[in-house]
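Asks: Handing you a structure now.
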Amino acid sequence: MSKITQALAHFATQRPEQFALVSSDKSYTYATLNSRVTQLANELSHLGIPVMGLYADNSPDWLVVDLACQIAGITLIPLPDFFTVEQIAHALNTTGAGAVLCDQLNTFLGDSYPTSTSWGWYIHILPPSLGKFLHLGTTKITFTSGSTGYPKGVCLAQSTMDNTAGALVDVLDGINLQRHLCALPLPALLENVAGAYSALLRGGTLVLPPLKQLGFTGSSSLDIDVFTKTLSRSNPQSLILLPQVLKALLAHNEHCGWTPPSSLRFVAVGGARVAPALIHRAREIGLPVYEGYGLSECGSVISLNRPGADRPGTAGQPLPHCELSFEHGEACVSGSRFLGYIGSPSSVGSSVYTGDLGEINDGFLTISGRSKNLLISSFGRNIEPEWPESELLASPVVQQCVVVGEDRPYCVALIWANIDIPGNVLQNWIDAANSQLPDYACIQGWARLPRPLSVTEDELTANGRPRRDVINTRYQSLIESLYSKPVIKLPNPNAAGENMMQHMSSHDENFYPSLLTQTEFERRALYDIEFIQRGTQGALSREDYVAFLSQAYHHVKHTVPLLMACGSRLTAEQEWLRVAIAEYIEEETGHQEWILNDIGACGIDPDTVRYGQPSQSTELMIAYVYDTIARGNPVGFFGMVLVLEGTSIAIADKAAEAIQESLGLPTQAFSYLRSHGALDIEHVNFYKGLMNKIEKIEDQRAITHCAQVIYKLYGNIFRELGEASDIHIAA
């Protein structure tokens, strides 16, 4: 038995009624967990499958499967949800997995034979596969996020993971850590070993919300409002964060007044380097943050700062089960190492070469950089830059390309292309390249180089490879401009309308593309709101949909009055814009009646909405626009037009289709959404033409500012709808 399952059996006897695993819909005490793990281990043993994949959301049952496989002697392959279908197939084929346990029926597993289990999961029996060389004693195979197209499989013995978890329990023994929130995906070895295993070894309680309740989408998208609500509601004493999540928490504190729960006693931050100023700021607001350092090949954590042994700016002191040495500046770890890589029969040797440059001073490890080109994003994802670069350079129009992303939330590219190649052609190619990449390796921003990179300027090696340190330094200001606003990546299913808007920007010299760029952060934050996501997934109730239509009525009925107010305040030199407003008025008149008809088709009396009151959020948004027209610059009104028409194009059609399919409502209930959906592109082209005629800086600033504010106020309408929906569900 492993140390983890031994501890489980021990606590099942010593504290049987204490909760071991809890979530919103299922919990296990130590007694019931031990019983369930033992039962499942017997069931899995009878299948006769030596290697098995696990593809599921965070939940108590994820750990039940993990622990049962340890007892049954099954090699487990945890599969991250952000892997592409091709990467999952690669992981299963190379390991020779005989089955995959899933929490839902998955069609991407190809010629598998799914069978439902007694607890509502599915086991997909896979066709026979030879697999590759599997090292003797492998208990778990953890796949990196994939620094190239196909990630490496790291073979780990259970003893390596046991020793890491045990070392963490020992060094943190002076802190009472009895309640841990799993805030990272469980397939991430950091959470699996340092979070879950350590908590079970000390007999604590693990809180295991699904990733959606933590606000995560894919590997790099986060709704921080959802995350903080779950964090505050869970009242954990410990958790593990990635640097980008820590930054988002600090921003949420600064802008929204959020404060951490007083229960927190230890917050580990790992996955990428953390600036000392970030750690100090976190501690000032009540987040007891401590940086650590680790490697999958070493069983997770190697070193850690902690109370009583703390030096911000370093990776902390090595754990007692690890020994560090340095060869030519590269950190080497012995005492805790993996068995080898999948398909590589060669022995690892006594030490693991980390690829990181560093040193130890006064017992504290400092990591100064990478010995190779591998990038580690601030979300902890590994990206070999040559990988996305090769996708981009496959185009004949892209002559040179350098991808940047170390310690950043996403990748950007510096591109040299013939000046005759328009920006929209390059953007189209980048979109095509991104479709071949997982989300963490996608290019989410780019800029043209002012001239081609050259050997004579020391920007290229003799064989044409980029000198990345020189390029990063020389073009630092250009790179920083691409990160001037953080990007929250949209899930692909919702991106069609947004991509259309990005293509139209095309790096023009006009105001419209600048307006899109300056409102990018607010726009994506709006699209990531849970209520909107649920709408595009068809996860709204009829009451939710009617509530949305009701608020839409209360702001749409003001569209024509607002247009009239704006037109009345324009100057004589803006007569051309008044003509456009007249066209808008003719087009928009009566649209609020469409909404009432939709409400009637849902079986609700439209007059209850017509004579009802708007929500406070709707009232505030409309009041703000009236005030902008009356007391500010009336041209600012067009910022609201960008928000409402752009949002409709991005999500309305998809939401209408998904909601109608899930609720079975008649087509007559969706005239408003469908009339303002992707078929409304001509309205955006009309709007783009107007904006590109706006030349005065004060008018451009007024429109941009209004759009940024309206994105937030419009978002509050959906947040309020979401809160009302949660209350309805709870009731």
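Asks: Quick one: if the Förster radius is 60 Å, what FRET efficiency do His46 and Glu457 give, using the C-beta to C-beta distance and rounding to 0.05?
Replies: 0.35
Asks: Taking the Cα centre of the chain as origin, sum charge times position over the Cβ atoms of Lys and Arg (+1) and Asp and Glu (-1), and report the length of that vector in debye to the nearest 20.
Replies: Roughly 1580 debye, rounded to the nearest 20.
Asks: Relative to the present Cα-Cα distance, how much length would full extension add between Lys696 and Leu393 at 0.36 nm per residue of separation?
Replies: Working: separation 303, 0.36 × 303 = 109.08 nm, distance 3.91 nm.
Here the answer is 105.2 nm.
Asks: Most exposed first by the Cβ proxy, i.e. fewest other Cβ within 10 Å, how do His683, His255 rank?
Replies: In increasing order of surrounding Cβ atoms, one gets His255, His683.
Asks: Label points 7 Å out from Cα along the Cβ direction at Ser371 and Asp81: separation in nm?
Replies: 3.7
Asks: Of the DSSP beta bridges with both residues in segment 385-486, give the percent that are antiparallel, rounding to the nearest 5.
Replies: Just about 65 percent of them are antiparallel.
Asks: Provide the per-residue ³J(HN,Hα) series for segment 173-183, in order, calculated from phi with Karplus coefficients 6.51, -1.76, 1.60 and θ = phi - 60°, each as a whole number of Hz, with x at glycine and proline positions.
Replies: Along segment 173-183, the couplings run 4, x, 10, 7, 10, 10, 9, 10, 9, 7, 9 Hz.
Asks: Given R₀ = 45 Å, FRET efficiency for Met1-Ser541 by Cβ-Cβ distance, to 0.05?
Replies: 0.45
Asks: Specify the angular offset, from 0 to 90 degrees and rounded to the nearest 10, of the alpha carbon long axis of helix 575-588 from the longest principal axis of the alpha carbons in the chain.
Replies: Tilt relative to the chain: about 70 degrees.
Asks: Counting only other residues whose beta carbon sits under 12 Å from that of Ala165, what net charge do I get with K and R as +1, D and E as -1?
Replies: Values: positive: Lys3, Arg202; negative: Asp162, Asp170, Glu191.
Spelling it out: positives minus negatives among the neighbours equals -1.
Asks: Working from Cα positions, state the angle (0 to 90°, nearest 10) between the long axis of helix 616-631 and the longest principal axis of the chain.
Replies: Computed tilt is about 50 degrees.
Asks: Take the cross-link list Lys26/Lys212; Lys654/Lys693; Lys26/Lys247 and give me the ones stretching past 23 Å between alpha-carbons. Write down the numbers at each step before the final one.
Replies: Details: Lys26/Lys212 16 Å; Lys654/Lys693 32 Å; Lys26/Lys247 31 Å.
Cα-Cα > 23 Å for Lys654/Lys693; Lys26/Lys247; rest within.
Asks: Give the cross-link partners of Lys229 among the aspartates and glutamates, using a straight C-alpha distance below 12 Å as the criterion and excluding same-chain residues fewer than 8 apart.
Replies: Glu723
Asks: Follow-up. For a quick check of your reading of the filter: which chymotrypsin sites (Phe, Trp or Tyr not before Pro) in segment 582-671 sit in a DSSP loop and have no more than 13 other Cβ atoms within 10 Å?
Replies: Tyr611
Asks: Give me the compactness ratio for the chain, meaning the Cα radius of gyration over 2.2 N^0.38 Å.
Replies: That ratio works out to 1.02.
Asks: Label-point separation (nm) for Ser514 and Glu661, each offset 7 Å from Cα along Cα-to-Cβ?
Replies: If labels sit at Ser514 and Glu661, their model points lie 4.2 nm apart.
Asks: Want the number for Ser481 to Asp170: 0.36 nm per residue separation, take away the alpha-carbon distance, what's left?
Replies: On the way: separation 311, 0.36 × 311 = 111.96 nm, distance 4.50 nm.
Using 0.36 nm per residue and subtracting the Cα-Cα distance, I get 107.5 nm.
Asks: Mind pulling the angle between the C-alpha long axis of helix 85-95 and the longest principal axis of the chain? Nearest 10 degrees, somewhere in 0 to 90.
Replies: Helix 85-95 and the main axis of the chain meet at about 10 degrees.
Asks: If you take every DSSP beta bridge whose two residues both sit in the chain, what share of them, in percent to the nearest 5, is antiparallel?
Replies: Counting DSSP beta bridges with both partners in the chain, the antiparallel share is about 65 percent.
Asks: Now a separate question. Tell me which residues come under 5 Å, amide H to amide H, from Ala20 once H is placed; ignore anything under 5 positions away on its chain.
Replies: Distant-sequence amide H within range of Ala20: Tyr28, Thr29, Tyr30.
Asks: Considering only the other residues whose Cβ falls under 13 Å of the Cβ of Leu478, what net charge follows from Lys and Arg at +1 and Asp and Glu at -1?
Replies: Charge balance in the 13 Å sphere: +2.
Asks: Under 13 Å between alpha carbons, and skipping anything fewer than 8 positions from Lys140 in its own chain: which aspartates and glutamates qualify?
Replies: Within the straight-line cut-off, Lys140 pairs with Asp66, Asp162, Glu297.
Asks: What is the order of Trp121, Trp62, fewest Cβ neighbours within 10 Å to most?
Replies: Listing Trp121, Trp62 from fewest to most nearby Cβ atoms yields Trp121, Trp62.
Asks: Determine, at each q value in 0.16, 0.19 (inverse angstroms), the log₁₀ of I(q)/I(0) that the Debye formula gives when each Cα of segment 601-706 is one equal point scatterer.
Replies: The Cα Debye sum returns log10 ratios of -0.91, -1.08.
Asks: Need one number: the % of Cα-Cα pairs in segment 385-486 sitting beyond the 22 Å mark.
Replies: Result: 25 percent of Cα pairs exceed 22 Å.
Asks: Moving on to the next point. What ranking of Tyr714, Tyr197 emerges when the number of other C-beta atoms within 10 Å of each C-beta is taken as an exposure proxy, fewest first?
Replies: By the 10 Å Cβ count, ascending: Tyr714, Tyr197.
Read-outs: derived from the displayed coordinates by stated rules, not from any lab. Computed from a prediction, not measured in an experiment: that's the story for all the values here. Please note: Cβ atoms are built from the backbone with ideal geometry, for glycine as well, and neighbour counts cover all protein chains shown.
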